[in-house]
Each structure stands twice: as C-alpha cells, then as structure tokens.
Amino acid sequence: MGLKGMFSKLLKGMTPAFDTEDYTYEQLKDMEKQGYDVKELLEKYEKGENKHQLLNRLRFEDVAMDISKIPNATDVSRLIPFMNKRLDPNSDLIKKSISVPLMGKDKWIKNLEEGEVILSTVVQCAPQLWEVNEDIGYAMLVCALVENNEFKNNPSFLKTISKLLNDFRDAEELPTGLSEKMIQLHKDLDDPDSTFDIKIDQTLLDAFNVEFENKKVTSSDIRVATIGFSDSQNEKLPRKAIPSDGLLPFIAFKDRNEFHVNNYNVVNGSLYTA
C-alpha cells in the first residue's frame, strides 16, 4: 500500500467528527515531507479556502461555505418578514423572544408596536459568547448597527463595518486626521472595561478608505455601542452563542436612546437558526 493509500486508511479510522481541515498548515507540510498525499488540503490553505480561514472571514465578508462546517450557522434573511413593518405583539417573533410585563402592559405594547427589528454585527465580545451551548454568567459585547438610511439592516454592510472596527482596534499606528472622538473609540475598543455608545464619524471612514459596493461610504448613522449580556439573553441566542457570522438581530423598542437589554431585546435564535 502506498503512502496515499495509508493516509486514506488512516482517515477512515478516525472518528466521524474528525475533519481533515482541522490539520494546521504546518502539520500538513510535515506530512507532505513524509510522503503523504495532502496536496488538496494544502491547496485549500494556499487559496485561503481552508475551513478555518473561511470561518475567520465569515464575520467580515460574504463567504460561500458548507453549512456543516459552520459551528453556529444562522440565516438572518429568515427575519425579513418582520423587518420594516409595525411589530405585532401576537407574532411568533414577539412571543418567542419577549415576556410581556405584568405592570404597565398597555404602555409597553405601544412602545413595542412602534419599535422594529434591527440587525447588528458583533464587533467583539467576551470569548465565551462564541462558544456553543455555554453558560456565560455575565459578559460584554460591542455591536455596530445602522438605524436609519440606506445601510439599515444590510448584512453585507454590517460585516464591512465589523472589519473596519477590528482593523481599527488592532492598528498599532493610527492614521492622521482622526477626530478626538474616534481616537477615544480606538482606546475604548482595546479596553475590556470600557462602555460607550457613539456614532462613527467621517474621519474614521475616510482614514480607512471604506467602500461598499464599489462606492465610498459616507454616513453619520453607524452606531457602535457596548451591551451587557447575562444568561437570560444568552439562552435566547441560537445554540446559546453569538452566530458564527457575527450578525445579531434585536427587537428594538420605540424609546431607545440608550443601548441596553431593556431597549434592545435579543430575537429568539429558533427564528433564524440555519
């Protein structure tokens, strides 16, 4: 039996949960030196198409990927019927996501009916929030969302903004021309104890030459904010975790000047789990 056949036999003896794409690039190169036929797996790495490479990109761009390889696969397009319309307190969206309070019910319902579904992207969060079926106790996350104008509830645009903010946070040297507010945002993104709720200004968009659909992005409606999550919110998430693509939908009440869980309720994950 040749080495290629030996490698195939080895894989067949693995448990069903084993995925050959879980090998690192370095491990595959070592196996190649030993004579194993790992050409196809190496090519995926070199093309940026390895499972883990695709997963890393999934939060920042639209990626065509086998759903079975996504740890927490979701499909926010399933929520389109609830978007851009008056909310119905008797709909599955509300019944599965929110409990009606015993006190002040009428005012609560009016505030709800005049609210809307708002899609956000998780820029960063406590690591345990990405882990499927894990309790969290209490943890913080940073979301970006657009509540007005053309980019509202656009998943691809939100991923673009998530990429911008991750690159911005990780930049060792800041570009010139940033406003004081954006310089402070850079510090806050790198501070796990910070809380903030601000709008991105044009100085940041221009500094990183942000484009969407081949057009320069000009917007004053991109909101970036921290929110605290406890297990009661986490349990509503699909598989008790932030979706792998980072897209997180909220039910936003009419009166919501502040970004917290009383004004923005998590949509029940069963409504958009893939």
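Listing for the model above:
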read-out	value
Boolean, residue 261 is modelled with pLDDT of 95 or more and either in a helix (DSSP H, G or I) or in the same structural domain as residue 66 (by the TED database) (or both)	no
Test: residue in the range 155-164 that is more than 17 Å from the chain's Cα centre (by Cα) and open to solvent by 20 Å² or more (accessible area, probe 1.4 Å)	no
Count - residues of the range 81-99 that are in a loop (DSSP other than H, G, I, E, B), surrounded by 12 or more Cβ atoms within 10 Å (Cβ to Cβ) and either without any contact (Cβ under 8 Å) to a residue 12 or more places away in the chain or among the acidic types (Asp, Glu) (or both)	2
Residue satisfying all of: in the range 193-232; charged (D, E, K, R) and closer than 23 Å to residue 75 by Cα; most open to solvent (accessible area, probe 1.4 Å) among these	213
Failed criterion for residue 224 (all others in (1) part of a loop (DSSP other than H, G, I, E, B); (2) touching a strand residue (DSSP E or B) at 6+ places or on another chain (Cβ under 8 Å); (3) not polar (S, T, N, Q) hold)	(1)
Exclusive hit being open to solvent by 30 Å² or more (accessible area, probe 1.4 Å) and closer than 24 Å to residue 257 by Cβ, set 180, 172, 235	180
Odd one out for residue 148 among (1) under 19 Å from residue 224 (Cβ atoms); (2) part of a helix (DSSP H, G or I); (3) open to solvent by 70 Å² or more (accessible area, probe 1.4 Å)	(2)
Every residue from the range 109-125 that is in a loop (DSSP other than H, G, I, E, B) and surrounded by fewer than 17 Cβ atoms within 10 Å (Cβ to Cβ)	114
Yes/no for residue 80 being out of contact with any helix residue (DSSP H, G or I) (no Cβ under 9 Å at 6 or more places or on another chain), within 26 Å of residue 210 (Cβ to Cβ) and assigned by the TED database to the domain that holds residue 245	yes
Check on residue 162, outside any strand (DSSP E or B), in contact (Cβ under 8 Å) with a residue 12 or more places away in the chain and closer than 17 Å to residue 221 by Cβ	yes
Residue within the range 130-139 that is modelled with pLDDT of 90 or more, open to solvent by less than 40 Å² (accessible area, probe 1.4 Å), part of a strand (DSSP E or B) and not polar (S, T, N, Q) present	yes
Residues satisfying the stated conditions in the range 72-125, i.e. in contact with a Leu (Cβ under 7 Å, 6 or more places away or on another chain) and of a type in the set (Gly, Ala, Ser)	115, 120
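The values are calculated or read from the model by the stated rules, or taken from the named source; none is laboratory data. Please read these numbers as outputs of a predicted model, since none were measured by experiment. Don't worry about glycine lacking a Cβ; one is built from the backbone with ideal geometry, like all the others, and counts go over all protein chains shown. Just so you know, the surface numbers come from the protein's heavy atoms only, side chains and all, with ligands and any DNA or RNA stripped out. Shrake-Rupley method; radii C 1.70, N 1.55, O 1.52, S 1.80 Å.
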